[in-house]
Amino acid sequence: MDLLEDLDLEQIPSAALLVRVDGSIVRANRHSELLFGYGPGELTGLEIEQLIQTQHRQECPHLLEAAFTDLPVHSPVKFQEFRGVTKDARDVPVEIGIGPPVGGTYALAEIRDLTAATHTLARLHKSESRLKIGLVHTRGLVQSIDIDKDRLAWYGDLDGLLGYRFGEFPRTLTGWFELIHPDDVERIQADVERVIENDEGAWQFRYRLLAKDGSYRHILDRGTITGYLDGRPNEGIGGIVDETEHMVAQQALQSALTETADQKNRLFAETRYLRRELASSHGFDEIMGKSEALRATLEQVESVAQTDATVLLLGETGTGKELVARAIHSRSRRKEQPLIKVDCGTLPAGLIESELFGHEKGSFTGAHQQKIGRFELAHEGTIFLDEIGELPMDLQSKLLRVIEVGEFQKVGGTSEQSVDVRVIAATNRDLRLEVREGRFRADLYFRLSVFPIEVPPLRERREDIPLLASFFVSKYATSLGKSVREVAPSSLDALMAYDWPGNVRELRNVIERSVILCNGNPLAVDPVILGKAEPGPAEAGPLKLDLQAVERGRIIRTLDETNWIVKGEGNAASRLGVTPSGLRSRMKKLGIKRPG
């Protein structure tokens, strides 16, 4: 209801109530309180039928039911006369009309006081019958119509209402039709023909009429046939009512309720997504380590986080690219907004466009309702596109557009939608090779790689293994109710010697399995779990061998074989399966220098 506070019922010139589908009154303006003799706020919480005489109350549910049926928002409001009852039990004649609801929850009820009209009608019974009939249909301006003579006359300041000087407004039906809004005139002409052809005896039309200043007023036009020519209706008398303020209030209510519904849908979608995220595991809980390779990565995170630059995270599977993405988001100006993850590698090809951009109801088989896409959920926040190299070619152009201009179109939609989203992408593929082989758009690659960050594999940050292992032991021992708190030295040697093709994710899984199998403290890791019972040929010997000496010897042999070329063609780093920066880090750590 917060958004409905902007709807000012006091701007409506007649009694007005905001009611629910069950007839309970949510808000009332001062006109309605004065009409029924209530003090400020006393109408709130009452039922609308409490304002009607007891013998007429059975008709009220039918009025509410008709108003809350599934009608178009701009359907005409149908008014019905009742004998109202004031707080002090006085009788008051009223006319109640309830507008079409928005969202099926609220509707605006307008109540007109018929007291003055009733007294006027009683006096007119003694005089002219045609004016008597006209005033039954009007609350302001009486009009007289002669179809055969193309003549229109009225009583009241219609010129002033529409801003014309006296005599400027046409006194003919033809001139009247020329002032009806172009979108309404064909409908009104057809309705007039229907009334004449079917001899319906009365009419009630709603349309927009041109005012002097170029604006349009919303008009209620209703009356009764009073004369015939050659057996066809020819004369009528009735009246018009300016409903512009009422329509403005209805539109404001519709806008407020629509915005409320949109925010409710968005909140529901965000909540559902975040619940799924909380229920899933993100791999590990925080970035841990003190290696030089990891510090270099985190320095890049700090540099780019405060910008809106697109980031491309590169690295092997299991290195923690999602965790780095979360670190960038948490240090950015968007940290109060959601970080939405999309795994492009796991979504079915036929559904990935709908997941990214959403779809309209009925846009394809099974689309029973509108869906909010991940980009819309990430508005003003960050979207993390994991495994971006798996994105189909036909969607890469659409992704490029939303990155460059912030616009996309839902599946089955016809209009562009704007979003403000920071994009972080990740892949373990060589996108440059994918571009050369035609599997990835070059323009998208260059747009994504504005700020590339290489997330180092675990074998390039071996000094972080003891810290990570200790963390995972504590985590899984607590959750499994085990007393183990540390890793046995021999097992730690095995962990340090292993190359970890699955990186930190594999280390986590190895520790979890070992904690499940262990029977005491310290934790013993079965070497078979690591994928091999003994070290490879280069590290032959028992696991308790001085691993640093083994690693130092292997690096020196490889450097000798490559003439100490660390970077470039035939370099030692590629033979050892590490990056040049990683190799230099290990050389410094192990005190390896090129012989003079």
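The values are calculated or read from the model by the stated rules, or taken from the named source; none is laboratory data. Since the structure is predicted, the reported quantities are computational estimates derived from the model, not experimental observations. We place every Cβ from the backbone using ideal geometry, glycine too, and count neighbours over all the protein chains shown. The accessibility values were calculated without ligands, DNA or RNA, using every heavy atom of the protein model including side chains. Shrake-Rupley method; radii C 1.70, N 1.55, O 1.52, S 1.80 Å.
Across segment 486-502, what is the number of residues that are under 43 Å from the mean Cα position of the chain (by Cα) and either surrounded by fewer than 17 Cβ atoms within 10 Å (Cβ to Cβ) or not aromatic (Phe, Trp, Tyr) (or both)?
Here is the first cut: in segment 486-502, the ones under 43 Å from the mean Cα position of the chain (by Cα) are 500-502.
Now narrow it down to the ones that are either surrounded by fewer than 17 Cβ atoms within 10 Å (Cβ to Cβ) or not aromatic (Phe, Trp, Tyr) (or both): 501-502.
So the answer is 2.
Would you say Glu407 is within 18 Å of the chain's Cα centre (by Cα) and open to solvent by 20 Å² or more (accessible area, probe 1.4 Å)? Yes: the conditions hold for Glu407. Any chance you could count how many residues in segment 503-534 are in a loop (DSSP other than H, G, I, E, B) and surrounded by fewer than 18 Cβ atoms within 10 Å (Cβ to Cβ)? Here the count works out to 10.
For Thr307, the criteria (1) β-branched (Val, Ile, Thr); (2) open to solvent by less than 20 Å² (accessible area, probe 1.4 Å); (3) farther than 21 Å from Leu583 by Cα hold in every case but one, which is (2).
Going through (1) over 28 Å from Pro13 (Cα atoms); (2) modelled with pLDDT under 85; (3) open to solvent by less than 30 Å² (accessible area, probe 1.4 Å) one by one, Arg171 falls short only on (3).
Check whether at least one residue in segment 463-482 is under 23 Å from Val311 (Cα atoms) and modelled with pLDDT of 90 or more, and report yes or no. No, the conditions are met nowhere in segment 463-482.
Taking (1) modelled with pLDDT of 90 or more; (2) crowded, with 19+ Cβ neighbours inside 10 Å; (3) hydrophobic (A, V, I, L, M, F, W, C); (4) over 30 Å from Gln306 (Cα atoms) in turn, Leu433 satisfies each apart from (2).
In this structure, Ile453 does not qualify as closer than 30 Å to Ser574 by Cα, within 30 Å of the chain's Cα centre (by Cα), among the aliphatic types (A, V, I, L, M) and surrounded by 22 or more Cβ atoms within 10 Å (Cβ to Cβ).
Taking segment 316-337 as the search range and keeping residues that are touching a Phe, Trp or Tyr at 6+ places or on another chain (Cβ under 9 Å) and free of Cβ contacts under 8 Å to residues at least 60 places away in the same chain, which one is most open to solvent (accessible area, probe 1.4 Å)? Only one residue fits best here, namely Arg326.
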